[in-house]
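The values are calculated or read from the model by the stated rules, or taken from the named source; none is laboratory data. A quick note: this is a predicted structure, and the numbers were derived from the prediction, not measured. Cβ: placed from backbone, ideal geometry, glycine included. Neighbour counts: every protein chain shown. Note: areas computed on protein heavy atoms with side chains; ligands, DNA, RNA excluded. Shrake-Rupley method; radii C 1.70, N 1.55, O 1.52, S 1.80 Å.
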Amino acid sequence: MLESVFESAEAARESIVYNYHHGFSGFAARLTDSQAKQLSDRPDVFSVAPNRKVELQSTRIYDYLGLSPSFPSGVLHESNMGSDLVIGFLDSGVWPESPAYNDEGLEPIPKHWKGKCVAGEDFDPAKHCNKKLVGAKYFTDGFDENNSGISEEDFMSPRGYRGHGTMVSSIAASSFVPNVSYGGLAPGVMRGAAPKARIAMYKIVWDRALLMSSTATMVKAFDEAINDGVDVLSISLASAAPFRPIDSITGDLELGSFHAVMKGIPVIAGASNTGPEAYTVANVFPWMLTVAATNIDRTFYADMTFGNNITIIGQAQYTGKEVSAGLVYIEHYKTDTSSMLGKVVLTFVKEDWEMASALATTTINKAAGLIVARSGDYQSDIVYNQPFIYVDYEVGAKILRYIRSSSSPTIKISTGKTLVGRPIATQVCGFSSRGPNGLSPAILKPDIAAPGVTILGATSQAYPDSFGGYFLGTGTSYATPVVAGLVVLLKALHPDWSPAALKSAIMTTAWKTDPSGEPIFAEGEPRKLADPFDYGAGLVNAERAKDPGLVYDMNIDDYIHYFCATGYNDTSITIITGKPTKCSSPLPSILDLNYPAITIPDLEEEVTVTRTVTNVGPVDSVYRAVVEPPRGVEIVVEPETLVFCSNTKKLGFKVRVSSSHKSNTGFFFGSFTWTDGTRNVTIPLSVRIRVLNP
């Protein structure tokens, strides 16, 4: 192919960056726009896409989610903590000395594993790999000829200077590490979701300024991971590119993940960190399991004791010593800086972005600390070595009244403390990207939510933000490996389940409240109760997911249905799937894709959608339908009862959806459940009315 657009065979060979042949057939090459156009016009070429940049999305978790190793039974022990499986990460490398990779007590490396560790700068496989860290590779050829995008601090090896890769792998699969904290915050035993699972790192070296990688490099890492035999892939990455046309799946994360799924490897990816605005969710293709971020039942705070002996607590991740100082209120912190020196400053802000500005100003002017009063009750996600405290307007007003009532107001601020229990309700984080899905609105995204705020994990000891090799990370990057680790446990229990079946089990058993039964809110302006565009099917519940009863399974024919419904041509589908395809006429409806959610973005009068469920529970089971319809929407299920037996493992059903609304609306939400009295198989219903001819 390349020889057809180059003047010589030698020039064609020199242009090649990577060959992809384990998961699919393709290559990355350095081409001019004209050469790329010539190749894209060939009938045997599915797609030619420019090399793009992808971004990082950035220990109480598992007890909060009900997975305690002290319980004598449950998914953690029944799966042997994931011992026989390998979880792969496409990320920024590892810090192999971390105790997270301790292999003491682990059984031999699983026999199906074909990967290896690759030597490089300050990385010796014989020394740094073991029965825990079983694979470590690095990829740099996706940058330009001089590797000018590679950080000067980073290592030309699987060792990662930046701690992101070590963080995500430790969150998913760290061994048990006692007496861990971040400067005294979040103390306890660190462990991953699957503490005995094996880890394979595929390092994609990050851009000096923007913490990015190239997509050509990423696809090569996918290709290697598929060939090495990983069982689950965790991808805390998202494209920063704008929305592309619906038929433009390209040779990067989407294509690599599709072929991984076709090889039976679930791919878990982050929703991205550009919320809370609508249509911001990334990684939206139906074969991915896309994860939103919530907080957990833990917060960090500091005591503020004032000169009148009143003590008030405020949110703070402060790791320093106790501070005593004068207290001053400054209304215009940007200009009125003369009185900041040595004082703790109280100021009010309207927007969250102002907090960083206020912090920078008070730090430059050598204030002793900062109290920010803000309108929302977002959970603080900034770790700082100076007293930096968040309060709401109400508490800020109390502090201001004290300042104005005293001729010499003072304050004493304690070091940061950890509060565990349920100090605040579970919330979908403001940064967590939201649906609807801008690429395919009928495919619900995100799929599921998991903790992703101030998550304690291991990191690089060389990185400046590290505190003894540990860090409190915030972002969907850190929610993603939570779910990936739980998928490892489920796959260990059900090795014959497809990625779609595992995804269905995760989604249909999710909590719609937090584990205590309290409602889940969504941060934003204003704060509201969470809906499926905030958290997908809900908060992940692995203990229930191990026995979902029914699953909405998908195979290659279902994905061909998706490709046909969204406008891919027959040739493109044949190339990407490897299966000769001719789409039906008329094209199939995307509403009928066997997804574990029903999302109807444009309901005019009435529509009927179809689904099929597979019984993975007791052989002789009877399920009946229970509907909580969206407001103003009528739902009729046919049949209302499903009867399974040894000869009937799969059954289809229809859902007829109509509306009494007479005008266009936003989305209304409900749910649909199949229940056998013990198992509740629940999917979200999301319906928007579009009255075209009122």
Within the chain, percent of DSSP bridges classed antiparallel, to nearest 5: 60
Per residue solvent-accessible surface (Å²) - segment 594-693, probe of 1.4 Å: 49
Accessible area of segment 300-417 divided out per residue, in Å², using a probe of 1.4 angstrom: 48
List 497, 353, 511, ordered by accessible area with a 1.4 Å probe, largest first: 353, 511, 497
Accessible surface, 1.4 Å probe, highest first, among residues 656, 611: 656, 611
161, 101, reordered so the largest accessible area comes first (probe 1.4 Å): 161, 101
Student exercise, segment 1-134 dipole from Lys, Arg, Asp, Glu Cβ charges, in Debye to nearest 20: 200
Modelled FRET efficiency - R0 51 Å, residue 662 with residue 126, Cβ distances, 0.05 increments: 0.10
Cα shape, segment 300-417, gyration tensor, a/c 1.5 rule: rounded
Extreme residue, positive dipole direction of the chain, given options 73, 130, 402 (C-beta unit charges): 402
Residue-level accessible surface for residue 3, protein heavy atoms, 1.4 Å, Å²: 120
Estimated 222 nm signal from helices in the chain, with DSSP H stretches of n ≥ 4 weighted -39500 (n - 2.57), rounded to 500: -5500 deg cm²/dmol
Accessible surface of the chain [probe 1.4 Å, protein heavy atoms]: carbon and sulfur percent: 50
Distance (nanometres) between label positions extended 7 Å along Cα→Cβ at residue 156 and residue 70: 5.1
Cα-centred dipole magnitude for the chain, charges only on beta-carbon of K, R (+1) and D, E (-1), debye, nearest 20: 1240
Additional length obtainable on full extension of the chain from residue 397 to residue 334, 0.36 nm per residue less Cα span: 20.7 nm
Under 5 Å, built H, 5+ apart or other chain: amide partners of residue 445: 437
Across 445/546; 220/546; 127/263; 114/546, pairs whose alpha-carbon gap is larger than 25 Å: 220/546; 127/263; 114/546
Proximal lysines to residue 334, defined as alpha-carbon separation beneath 21 angstrom and excluding residues fewer than eight positions away on the same chain: 343, 350, 366
Cβ-isolated cysteines (cut-off 4.7 Å), the chain: 429, 645
Label-point separation, residue 112 to residue 605 (7 Å along Cα→Cβ), nm: 5.1
Cα-based shape type of segment 2-41, given that a ≥ b ≥ c are square roots of the gyration tensor eigenvalues and the cut on a/c is 1.5: oblate
Test item: Cα-centred dipole of segment 642-694, Lys/Arg +1 and Asp/Glu -1 on Cβ, debye: 180
